[in-house]
Amino acid sequence: MPRIALLGYGRFGRALGALLEAADVGYRAMDPGASLPEGLRAGSVPELLEGAELVVVAVPVPQVREVLLALRPHLRPEHLVLDVG
């Protein structure tokens, strides 16, 4: 089960994903504007967060508020959320 949920798969998200893969750390990613490998792609926020301990928000700064508002109803107390912006 992936331990990290990566929201945003642009330049930063792809680079972080490559590092996670090299360290053999499981993750799932979601970005409607990016091409994601099938095994990593989450189709919804609940699917993205399933089993995750860490939620990494890697979106452009102007989109952070919108993304956090979309995440909020799905977050649980055990989620640690961080933003790379």
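We did not get these values from a lab; they are worked out from the coordinates using the rules stated. Since we're looking at a predicted model, the values are computed, not measured. Cβ coordinates were reconstructed from backbone atoms using ideal geometry, including for glycine residues, and neighbour counts include every protein chain displayed.
Scanning the stretch 1-28 for residues that are touching a Phe, Trp or Tyr at 6+ places or on another chain (Cβ under 6 Å) and β-branched (Val, Ile, Thr) gives a single hit, Ile4.
Taking the conditions exactly as written (among the β-branched types (Val, Ile, Thr) and farther than 14 Å from Leu71 by Cβ), does Val25 satisfy them or not? Judged against the criteria, Val25 is a match.
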